[in-house]
Every structure is written in C-alpha cells, then in structure tokens.
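Note sheet for the following structure.
The values are calculated or read from the model by the stated rules, or taken from the named source; none is laboratory data. Being a predicted model, the structure only gives us computed values, none of them experimental. Neighbour counts run over all protein chains shown; Cβ positions are idealised from the backbone, glycine included. Quick note on the areas: whole protein, heavy atoms, side chains included, nothing else; ligands and nucleic acids left out. Shrake-Rupley method; radii C 1.70, N 1.55, O 1.52, S 1.80 Å.
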Amino acid sequence: MALAFVLQAVMVLLTTQRVAYIYWMVIYIAAIPVWNLVLPLYAFWRFDDFSWSRSSSHDVGHDSAAFITDAERLALKPIPLMRWREWVAHPHDSEPAKSKV
C-alpha cells in the first residue's frame, strides 16, 4: 500500500512540480484512520444518545422543550384521521380541484 502512495507522490512531483500537493496527500493519508475507524466507532458507541435533541424531552412540566406547540397542535385539528378502509369507502372527487385564478 505504501508503494502505491509513493508512486502517486512521484507522479505528482513529475507532472506538476508542486510540493504542496504532497503535503495535502500526507494529510489525507493521516486522516484515513480517523474517517474509517474513529468516526464509525464513535457513531456506533453513541447512536442512541439523543441528549442534544429537543425531540426526546420527557419533562412534562417544562414547555420550552416541547416538540410541538399548542398553536401547531390546533392547526392539526382539521386534518381528518381515517383508517385505510374508511378512506377507500369514502367518496372522493373524480376530478382534481380546479384553481380559481
């Protein structure tokens, strides 16, 4: 594997004559273990940690962390809730509604 990176470095030096590209390649090689090992392990270890989220608040008396406000809850009232069988049995318009523009 080291031979592949060395050959890439040689080709970059031969074609562009810019050493800065080699520096960035070293940074990339140093970051490979972080992206392929450290971050996946951290994500697996903390996958059920929702302490940063407002949506998992379980404190009933604390309204500032509510997921949905009372105004939003009232806006949901006009939405009809039906089971699938009720929706299929409910008569629907055969044509889509026309806009009055």
Per-peptide average of other Cβ atoms within 10 Å, ordering 13-25, 75-87 highest first:
13-25, 75-87
R0 of 30 Å, Cβ-Cβ distance residue 27-residue 50: FRET efficiency to nearest 0.05:
0.35
Not counting ligands, DNA or RNA, and with a 1.4 Å probe, what is residue 38's accessible surface area in Å² rounded to the nearest 10?
80
